[in-house]
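These notes concern the structure reproduced below.
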Amino acid sequence: MPLGHDDLLRAYRILKTIREFEMRVSKEYEAGTIPGFTHLYLGQEAVAAGFCMHLTDDDSISSTHRGHGHCIAKGCDVRRMMLEIYCKRDGTCHGKGGSMHIAELWRGMLGANGIVGAGVPLALGAALSAKTRGTDRVAVAFGGDGSTNQGGVFESMNMAVVLKLPLIFAVENNGYGEHTGIAYHLGAPSIASRAAGFGMPASEADGADFFAVYEAAGAAIARARAGGGPMTVVCDAPRWRGHFEGDAQAYRDPNEIRHIREHRDCVKRFRERVLGDGTLTAAELDAIDAEVLRLIEESVVAAKAAPQPRPEDLTSDVYVSY
Ligand SMILES: Cc1ncc(C[n+]2csc(CCOP(=O)(O)OP(=O)(O)O)c2C)c(N)n1
Ligand SMILES: [Mg+2]
């Protein structure tokens, strides 16, 4: 699907919103204003953006502990996300979920997930529902390289193939599962080769290049919508930060981090490409930058001042009412 002028502006807004959201969360976390734990998506923005640009609110995604980028790309309300990260009453989950559980079901965002690989069977369910109801909806299950070692992911891959479900396994290979490098945790020659073991095609894309991800994701999603069944897309995406905020990263060569920041910055690359071929102007991009910064600033100020859940809210939202 070729990207028109408005699509490019939208893609840049997503990339930039994720980038600035995460930079600010990092800063606030360091200052101690955010409770709990957080894992940032910095460096991987092009993956969420490249996939979600092909989806509507009727399509579903499942996410991971590193979920802010997926939420933003799927269109979740940034202000309510920030409220949730601050555990405030008007957050997406009424302040009871925090960073690792942000969900907005009506947007098709089935939730970030603190259990590695556990989002994948949820997306499988959405794909089964889409097929059973005779729709052309699809589901995308985001997961890290480490998640491909989980049994529930294997079972989901098998079931998706057997039932020919419209499910895409979007694997973000950032080279690490927590502090363990992929060379040590992956038994197979590659993640893509695992898909073959389940009888599923796989493709690979440079996860620091929005356009490469957009193309690979588009092919897999179009195939699934047309009834072609599941596919795995592995995106090689750099993790700019530690596993979590506060991770000293003693297991990582500082030159590696410097190198990926300099050479694998998906926001910078996007800017260079669209300015280079003249499809967008610097003024258009700068205007988005200013709007995004304003949105993030307002979100943080509002989140800090917002009320916390009340004691009597403790027992609500424990079970969903069907
Ligand atoms: C079932 C389960 N096992 C272990 C953990 C602890 N844990 C949290 S994140 C993580 C690594 C996940 O690696 P990956 O899937 O590559 O995601 P990334 O953090 O690189 O985005 C682990 C082992 C967990 N949360 N859930
Ligand atoms: Mg990883």
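Please go through the stretch 104-202 and write out the trypsin sites (Lys or Arg not before Pro) that DSSP classes as loop and that have at most 10 other C-beta atoms within 10 Å.
Passing sites in the stretch 104-202 are 133.
Students often forget the sequence filter, so: which lysines lie under 29 Å Cα-Cα from residue 16 once same-chain residues fewer than 8 apart are removed?
Within reach: 27, 74, 88, 96, 268, 304.
In debye to the nearest 20, how big a dipole does the stretch 15-73 give about its Cα centre with +1 on each Lys and Arg Cβ and -1 on each Asp and Glu Cβ?
Using Cβ point charges on Lys, Arg, Asp and Glu, the stretch 15-73 gives about 220 debye.
When a/c reaches 1.5 or more, the comparison of a/b and b/c decides; with that in mind, is the chain rounded, prolate or oblate per its Cα gyration tensor?
Taking the square roots of the gyration eigenvalues as a ≥ b ≥ c, the chain is rounded.
Quick one: Cα centre-to-centre distance for the stretch 179-250 and the stretch 1-24, in angstrom?
20 Å
Which are the unpartnered cysteines of the chain, meaning those with no other cysteine Cβ under 4.7 Å from their Cβ?
Cys with no partner Cβ under 4.7 Å: 52, 87, 93, 235, 266.
What lysines could a cross-link reach from residue 164, if we take a straight Cα to Cα line under 21 Å and drop same-chain neighbours fewer than 8 places away?
131
Would you compute, from DSSP H runs of 4+ residues alone, the mean residue ellipticity of the chain at 222 nm, taking -39500 (n - 2.57) per run and dividing by the full residue count, rounded to the nearest 500?
Calculated at 222 nm, the ellipticity per residue is -14000 deg cm²/dmol.
At 0.36 nm per residue, minus the direct Cα-Cα distance, what do residue 317 and residue 7 gain on full extension? Give it in nm, one decimal, please.
107.9 nm
Please give the FRET efficiency for residue 253 paired with residue 33, using the beta carbon to beta carbon distance and R0 = 35 Å, rounded to the nearest 0.05.
After rounding, the FRET efficiency stands at 0.65.
Hey, with R₀ at 35 Å, roughly what FRET efficiency would residue 262 and residue 305 work out to, going by the Cβ-Cβ distance, to 0.05?
So, using R0 = 35 Å, E works out to roughly 0.40.
Any read-out appearing in this document is the output of simple, stated calculations on the displayed coordinates, not a laboratory observation. Keep in mind that what you see is a predicted model, and the values were worked out from it rather than measured. Every residue, glycine as well, gets a Cβ built from its backbone with ideal geometry; the counts of neighbours run over all protein chains shown.
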